[in-house]
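The block underneath contains the structure these notes are about, expressed in structure tokens.
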Amino acid sequence: MLLPIGVALAETPADRNVIAPYRFPPPADRIEPQDRGRAELYRDQLRESLNRREQLNRQGKLDTLGRRELQDLRGETNRMERALGR
């Protein structure tokens, strides 16, 4: 059981969050142009996922875990909006 976790952690880039490797680390005072493009792409992907998940929620198709993931997705989307708004 420890081997897969160790392998997963070893494959996570050093600048990524170990608990949530899909998240970017908090930006410095200013986002560099090459990083800004990646961050905007990530934000756009979050928005698309959020829209799909919100629609499923309105249709009553999300279970408890799905609603929790929706809440996390909202938080991550808001975080990236704030980061790119600087």
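The values are calculated or read from the model by the stated rules, or taken from the named source; none is laboratory data. The structure displayed is predicted, hence computed values, not measured ones. When the accessible area is computed, the model is the full protein with side chains, heavy atoms only, and any ligands, DNA or RNA have been set aside. Shrake-Rupley method; radii C 1.70, N 1.55, O 1.52, S 1.80 Å.
Identify, from the list ARG58, ARG79, ARG53, ARG67, the residue that is open to solvent by less than 80 Å² (accessible area, probe 1.4 Å) and at pLDDT 95 or above.
ARG53
Would you tally the residues in the stretch 23-38 being at pLDDT 90 or above and open to solvent by less than 60 Å² (accessible area, probe 1.4 Å)?
Summing the residues that are at pLDDT 90 or above and open to solvent by less than 60 Å² (accessible area, probe 1.4 Å) in the stretch 23-38 gives 1.
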